[in-house]
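Enquirer: Handing you this structure, nothing more for now.
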Amino acid sequence: MRSAIPIEDLYTFSVILLFFSACEQKKSDGAIYFTEDDLPPPIELFGEKYNIPEIINPRGLMIKEGLAVIFDGKSEYDDKFHVIDLKSASYLRSKGIYGLGPGEITVISQIDDVGEKNKVWTYDPEVRKFSKYDLLDTNKLAEEEFRSPETEFFITYATWANDNTLLANLVDGWTKHLHLTTSGDTLATFGNWKDMIAGKELSNGYKEEDLDANLVSTIFQGEIKSDPSRKYFVKVGIVADFIEIIDLEKRSSKVIYGPNHAIPEFEISYSMGYQMADFGRNSTNRYIDVYPGSSSFYVLFNGKTYKQLSDPDNLNRIFEFDYEGNILNQYQLDYPIHGIAVDEESRAIYGVTVDREPNLVRFDY
């Protein structure tokens, strides 16, 4: 049996969706394509930044029951994530003890809400561990935990599905998606990585037959998250401009490509005998986060290199789609941010900034 690999070590996954339009839709090969010209006029949003000194290096967040839960990128320290009361803008507590012992954690790459009151689950990619925390108690240790399940597949990004199951992306074969139990039993596999490159122009004269599945999956890496009902899952590309809307019940998906349709430039490199895609120093971050809401989802678009994330020019934009793939809105932000969460009832978008004084910021829309 091969064990699941860390989320951060291999990127993954991909796409096949339908798309949108406030403007005219362009469909071909089963996917939908859009350009900058197809986007609706931008709606400018002006952020209200919080002043919470405990936030040092925020990497992402979620909103739950009037609380902001912000996880930090620092390593070898305690206080892995912070709990903030949004109504009073007050800092409540931190959670997470650094270590390898029971209830401890080394780093957080994601936080999930599976519908349990006051509870969240974190994922530690370094030790492949899911940990559950109570947001309202003062205990910094996890109250429950389990290791990422052993499986015959190599998996990367994973998120919670219904009935305490997981939806994961695969990299060691042409199959894209794996639905599995927390004990590692396979419920379903679907999707084909070959669909992502079929008929598309590749850099450096490469042909489709030159690429193995592991390399193709690294091109289509990115976050995957579910809507509150766990009906739809949305995956976005970090280095390639694509969005995938996955219907787990039907085991199908729709793909949106844009605003850039080209597969990013890359060269083939090797790691432990596996093909990997080397994107070079000028590779840009594309969709760096996604928030699936009740009837629409929001994707955070960057379009800059990692070193330029906090540059004041060409700041982040958010595109809003419905689950049929129709574009609803384009929002222009006035802060550089790395992660987003949306309070649909209050019509507020929250983000964590990557400027010189990183913190939580709120945009009313």
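Enquirer: When you check residue 278 against the structure, is it open to solvent by 40 Å² or more (accessible area, probe 1.4 Å), of a type in the set (D, E, K, R), farther than 25 Å from residue 30 by Cα and out of contact with any Asp or Glu (no Cβ under 9 Å at 6 or more places or on another chain), yes or no?
Expert: Here the answer is no, as residue 278 does not meet what is asked.
Enquirer: Considering every residue within region 270-291, establish whether at least one is under 23 Å from residue 200 (Cα atoms) and in contact with a His (Cβ under 9 Å, 6 or more places away or on another chain).
Expert: No, region 270-291 has no match at all.
Enquirer: Related question: Select from region 150-187 the residues that are open to solvent by less than 10 Å² (accessible area, probe 1.4 Å) and more than 25 Å from residue 116 (Cα to Cα) and list them in ascending order.
Expert: 151, 155, 170, 171, 176, 177
Matching residues to (1) within 21 Å of the chain's Cα centre (by Cα); (2) not basic (Lys, Arg):
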position	(1), (2)
111	yes, yes
121	yes, yes
132	yes, no
135	no, yes
138	no, yes
151	no, yes
162	yes, yes
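Enquirer: Within region 322-348, restricting attention to residues that are within 16 Å of the chain's Cα centre (by Cα) and of a type in the set (A, V, I, L, M, F, W, C), which residue is farthest from residue 308 (Cα to Cα)?
Expert: 342
Conditions (1) of a type in the set (Gly, Ala, Ser); (2) open to solvent by 20 Å² or more (accessible area, probe 1.4 Å); (3) farther than 24 Å from residue 211 by Cβ, marked per residue:
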position	(1), (2), (3)
268	no, yes, no
272	no, yes, no
285	no, yes, no
297	no, no, yes
322	no, yes, yes
334	no, yes, yes
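Enquirer: Moving to a separate point now. Working only within region 110-136, note down all residues that are in a loop (DSSP other than H, G, I, E, B) and under 16 Å from residue 226 (Cα atoms).
Expert: Once the filter is applied, which keeps residues that are in a loop (DSSP other than H, G, I, E, B) and under 16 Å from residue 226 (Cα atoms), region 110-136 yields 113, 114, 115, 116.
Enquirer: Another question about this same structure. Being closer than 19 Å to residue 342 by Cα and touching a Leu at 6+ places or on another chain (Cβ under 7 Å) is the filter here; which residues of region 35-52 pass it?
Expert: Within region 35-52, 45, 47, 50 meet the criteria.
Enquirer: Out of the strands (runs of 3 or more DSSP E) lying entirely within region 15-94, which hold 1 or more residues that are open to solvent by less than 40 Å² (accessible area, probe 1.4 Å) and at pLDDT 90 or above?
Expert: Here the list reads 31-33, 58-64, 67-72, 81-85.
Enquirer: Report, by residue number, each residue of region 130-145 that is open to solvent by less than 50 Å² (accessible area, probe 1.4 Å) and closer than 9 Å to residue 104 by Cβ.
Expert: 131, 142
Enquirer: Another question, then. Return the pair list, or none, for Cβ contacts closer than 9 Å from residues in region 199-222 that are surrounded by 16 or more Cβ atoms within 10 Å (Cβ to Cβ) to residues that are of a type in the set (Lys, Arg) and in a helix (DSSP H, G or I), at least 6 apart or on different chains.
Expert: That search, which allows pairs on different chains as well, returns 213/194; 216/194.
Enquirer: Something else now. Would you say residue 50 is among the aromatic types (Phe, Trp, Tyr), touching a Lys or Arg at 6+ places or on another chain (Cβ under 9 Å) and in contact (Cβ under 8 Å) with a residue 12 or more places away in the chain?
Expert: yes
Enquirer: Of the conditions (1) open to solvent by 10 Å² or more (accessible area, probe 1.4 Å); (2) closer than 22 Å to residue 108 by Cβ; (3) at pLDDT 95 or above, residue 354 clears all except one; give me its number.
Expert: (3)
Enquirer: Sticking with this one: Of all the residues that make up region 139-163, how many are outside any strand (DSSP E or B) and not small (Gly, Ala, Ser)?
Expert: Of the residues in region 139-163, 12 are outside any strand (DSSP E or B) and not small (Gly, Ala, Ser).
Enquirer: Return the pairs, sorted by first residue and then second, in which the second residue is assigned to a loop (DSSP other than H, G, I, E, B) and modelled with pLDDT of 95 or more, the first residue lies in region 225-247 and is farther than 19 Å from residue 190 by Cβ and open to solvent by 30 Å² or more (accessible area, probe 1.4 Å), the beta carbons are less than 8 Å apart, and the residues are 6+ apart or on different chains.
Expert: Hits for this filter: 228/293; 228/294; 229/294.
Enquirer: Sticking with this structure for a sec: So for region 106-123 (the condition being under 26 Å from residue 291 (Cα atoms), of a type in the set (Phe, Trp, Tyr), crowded, with 18+ Cβ neighbours inside 10 Å and touching a strand residue (DSSP E or B) at 6+ places or on another chain (Cβ under 6 Å)), does at least one residue qualify?
Expert: Yes, because at least one residue in region 106-123 is under 26 Å from residue 291 (Cα atoms), of a type in the set (Phe, Trp, Tyr), crowded, with 18+ Cβ neighbours inside 10 Å and touching a strand residue (DSSP E or B) at 6+ places or on another chain (Cβ under 6 Å).
The values are calculated or read from the model by the stated rules, or taken from the named source; none is laboratory data. On a predicted model such as this, the values are computed, not experimentally measured, just so you know. Because the Cβ atoms are built from the backbone with ideal geometry, glycine has one as well, and the counts that use them run over all protein chains shown. Remember, those area values only see protein heavy atoms, side chains included, never the ligands or the DNA or RNA. Shrake-Rupley method; radii C 1.70, N 1.55, O 1.52, S 1.80 Å.
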